[in-house]
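These notes are about the structure you will find just below.
Every read-out reported here was derived from the displayed coordinates using simple, explicitly stated rules and does not represent laboratory data. Computed from a predicted structure; not experimentally measured. Heads up, the Cβs are rebuilt from the backbone with ideal geometry, glycines too, and the neighbour counts pull from every protein chain shown.
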Amino acid sequence: MLSINAVNDFVVRFANVNGSGSASANNMFAKAIFRMGIPVSPKNIFPSNIQGLPTWYEVRINEKGYLGRRDGVDMMISVNPQSIVKDIAAVKTGGYFVYDNTRKLHNEIIRDDINFIGIPMMRMCMEHYKDPRKQQLFKNMVYVGALTALIDMDEAVLKNIIAEQFAKKPKLIPPNELAIKLGADYARANYECPTGLKLETRDAVGDHIMIEGNEATALGAIYAGATVMAWYPITPSTSVAKAFETNCKKLRVDPETGKKKYAFVQAEDELAAIGMVIGATWNGARAFTATSGPGISLMSEFIGLAYFAEIPAVLINVQRGGPSTGMPTRTQQPDIISTAYASHGDTKHVLLFPSTPAECFEMTATAFDLADRLQTPVFVMSDLDLGMNNHMSPPLKWDDSRVYDRGKVLTAEDLENMEEFGRYLDVDDDGVCYRTVPGTHPTKGSFFTRGTSRDEYARYTEDGQVYVRVVDRILKKWETAKSLVPKPQVQWSESETKFGILFFGTTNYSALEAMELLEEEGIQVNAMRVLAFPFTTEVEDFIDKHEYVFVIEQNRDAQFRSLLINELDAHPKKLIRVLNYDGMPITADNIKNQIVQKNPLAPQLASKPTAS
Amino acid sequence: MSYIKPTFRHPTLPKNKIGFAKADYEGKISTLCAGCGHDSISASIVQACYEMAVEPHKLAKLSGIGCSSKTPTYFLDNSHGFNSVHGRMPSVTTGAYMANRDLIYLGVSGDGDTASIGMGQFVHAIRRNLNMVYIVMNNGCYGLTKGQDSATADYGSISKAGSKNMFQAIDLAGMALELGATFVGRSFSGDKSQLVPMIKAAISHPGFAFLDVISPCVTFNNNNGSTKSYDFVREHIEATAAIDYVPPKAQISVAYAEGQSAEVKLHDGSSIHLSKLAPHWNPSDRNSAVNRLQAAKTKGEVLTGLLYIDPESQDLHELQNTVGTPLNQMGESELCPGNEALDSINSSFR
């Protein structure tokens, strides 16, 4: 049998039982590889359940730095009998199946084209630990220990991580180290170590960090000066709220009085959460909420109010599989249309599309500036993959000289020196009007905020002409927004090509890798990653420049493509759908295969450089 | 007639201690029906704020949707107002209050806005003891959509069209008591002498102050057989006590017979004096309030007055241990942890 041989380029998948304490061991595994200087991307594939159901942890190790998901498992660590048949089937030919051989495998599930590596995890734990809970927990460390031998993971690095993890509970260090030793010794004594899969220390992670997108998002909000967070629990956004609170406790408490410089309100539902955000921003604070698609649906009425009454708001949409309750623990990009045009009537909203935790941090901070500047809701469109998995990311960056852009807010002095104040007067001809915050001046600057039609002085009106004037002026802000949102990133092919690929958010990882795979197939493409909606002229130019543009996205209905067609009048025939919506992050192979299959110029023209 | 109020003032109009005339607390001309109870409540709000010398810009008025929610246009023109969405005034007020703890928040709602579409938010604002005055202008019907029964319409009450309401009424004051509201009162739009001091006391209360004000709908629910008509309420009203709000350091001018008065001290030094109509009634005993309310209901009477007050009330900011400085007044220097902190955050993720 041919065994897979690979150095620093393979996928390890752990098949665990939800709630069995495997997460901590699995995280240590990924972190150890990261600290060996090898780029790594772990992903949790988990059920909507607290205890007992199958859960997987998949780690892609890739020296070149491709961090997208890759299909196929080179080594499976099987600790869950419930899913063992499926797990054996998932291993690539020539791959490795590491399992607990305390109990013998049934003959009928044994494949002869993969390597079976039995480690008596439970038996060794029963021999060395008395407490049943510990027997269970240390089983996880035994397989991590076995991996140090099986794939040559640096044991010293792992021990350091254990020491850090249990710095406050040093009693737990020796039993953890024992588990590592048990696993490693058994593997070495019974199997050829390392297997064909091997780690080698590199210097390929630079100053990168390993962090979940949601944590970076929460930190971005703290750095941007958000003082009010109102939210309602919903996977996969809940950890944004948790991280906001945890970090605020460290960073936003007055050291002398112990009092909080933030308000954190768990609302009764998403409607109330966004209502609180709008109340707080109307009153001059920076406020935000974090939610997912179902929350956006529930918040839609209020989103329309904020849009029409022109009140800043920041919403983090950590997208998950829809529609309805959908696949709450799987990733997708399915809320593009529903967020871009959220609420009844003519509305459209600014969206930002981060693809790394560093961008979650930066774009969340930017979202607050944009919301204040444009006096409108701004959405950060993350997803479950980005939000809830650890990602290798450039470090979070903040410039200490950065000043919050609070937009056009009048002070008492401004009001004193003004001839007249009209809340919705377009004084600067950019569509953005001056606002006042309650409590500013005893007799000047008060106005009535309302979701009904109103004139430039915030007075209720049903006059059609006035209404048209107001909604057209709000549309003018949309043009202003185009000059403020982050511009797309473009990567040009070395040779001329008729093809472009266009994508956003977490598709980035796999799209860039797919470019290399396409190159091998003889197809050159130019690439554009869109960072924001409204689309800037660069997006239009990119589409114009190419005969065909493959729009890569993670939903069934090609929603981003619809948005391009709707907003830019792009010709639908030019925009070819490349889609993935099974709930798993899109892979480079998938992108490459779809582009090869759907290539309208295949086979003769595709690979040839063109003169245009 | 004119649809615009004059902006000039008679020079000899009396002014309150911060130099504002009563007219300075008024709003635009009401567009509600002539004789609407809501207009009387607006007038009581104007009177209370004038007498208390509330700085107009230190008060924010918020509402949901409906006839009642229109009224903030008709009072306190120098205050910021927010006419939000149907049933959602409590959440907007919660956010506003989190942003700035120094303003007075006056929320106005109706029985549809509170007891139906907004029930969830009403309940949770009470739970959090949000520091606000929450007035329900309660007329038992949906006025703006032409008179459908609301959830506070009494069982058996007859509508203008002659149909009998067969559903149980939601008693908002009773509910507020059950849910732990720290200030609960009920009044009648036609009884300004009771309503004005109640609004003042509610403004002084550091927590959720709920006022259920029966406010007849002259157009759709003032007919014979309606239990929210002017005539019915006047005939069936029963007051817990005559109430007098005494501002801080003021002389007590009302004399009460021995054993007949109760005094409740408020946090800001003001106090409420109650001339008890019923013996053995204690305004800071929640159980007795619940019992009294239930007893009145059984008798078919409308119990008004201050039903309950918790003088030890701790509002949401106190419960959350927020800093004294309003959060909306902080900038980069107070809020941004800076690059150095970020360096160590980055290191913790390596």
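So what's the back-of-envelope 222 nm ellipticity for chain B, counting only DSSP H runs of four-plus at -39500 (n - 2.57) apiece and dividing by all residues, rounded to 500?
Value at 222 nm, helices only: -8500 deg cm²/dmol.
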### Message
Could you check the spin-label model distance between B:Ser193 and A:Met418? Points 7 Å from the Cα along Cα→Cβ, value in nm.
### Response
4.5 nm
#### Entry: Cleavage-rule hits, GluC sites (Glu not before Pro), segment A:149-212, DSSP coil, Cβ neighbours within 10 Å at most 16
A:Glu192, A:Glu200
#### Entry: Cross-link partners of B:Lys164 among lysines (Cα-Cα below 25 Å; sequence separation of 8 or more within a chain)
B:Lys146, B:Lys228, B:Lys297, B:Lys299
### Task
Quick one: which residues, 5 or more positions from B:Gly305 or on another chain, have an amide H under 5 Å from its amide H? H modelled 1.01 Å from N in the peptide plane, none for Pro or chain starts.
B:Arg186, B:Ser187, B:Thr240
### Tensor-based shape of segment A:373-430 (alpha-carbon gyration tensor, a/c under 1.5 rounded, otherwise prolate or oblate)
prolate
### Query
Which pairs in the list A:Lys43/A:Lys181; A:Lys134/A:Lys181; A:Lys348/B:Lys70; B:Lys22/B:Lys192; A:Lys477/A:Lys545 are over 18 Å apart, alpha-carbon to alpha-carbon?
A:Lys43/A:Lys181; A:Lys348/B:Lys70; A:Lys477/A:Lys545
### Query
In chain A, what % of DSSP beta bridges are antiparallel (nearest 5)?
35 percent
### Task
Select from B:Leu32, A:Gln333, A:Tyr509 the residue farthest towards the positive end of the dipole of the protein assembly as shown; place +1 on Cβ of Lys and Arg, -1 on Cβ of Asp and Glu, and compute about the Cα centre.
B:Leu32
### Query
Using the Cα gyration tensor of chain B, with a ≥ b ≥ c the square roots of its eigenvalues, what is the shape: rounded (a/c below 1.5), prolate (a/b larger than b/c) or oblate (neither)?
rounded
### Peptide B:70-78, shielding by other chains (average Cβ, 10 Å cutoff)
2
### Task
Can you tell me the 0 to 90 degree angle between the C-alpha axis of helix B:192-204 and the longest principal axis of chain B, rounded to 10?
20 degrees
### Summary
trypsin sites (Lys or Arg not before Pro) in segment B:66-165 lying in a DSSP loop, each with at most 11 other Cβ atoms within 10 Å of its Cβ, come to B:Lys146
### Within chain A, helix-based [θ] at 222 nm, where runs of 4 or more DSSP H residues each add -39,500 (n - 2.57), nearest 500
-11500 deg cm²/dmol
### Query
Dipole size in debye (nearest 20) for the protein assembly as shown around its Cα centre, Lys and Arg Cβ +1, Asp and Glu Cβ -1?
1760 debye
### Task
For segment A:1-75, compute Rh as the Kirkwood radius over C-alpha pairs and then the Stokes-Einstein diffusion coefficient at 37 °C and 0.692 mPa s; write the answer in µm²/s, rounded to an integer.
251 µm²/s
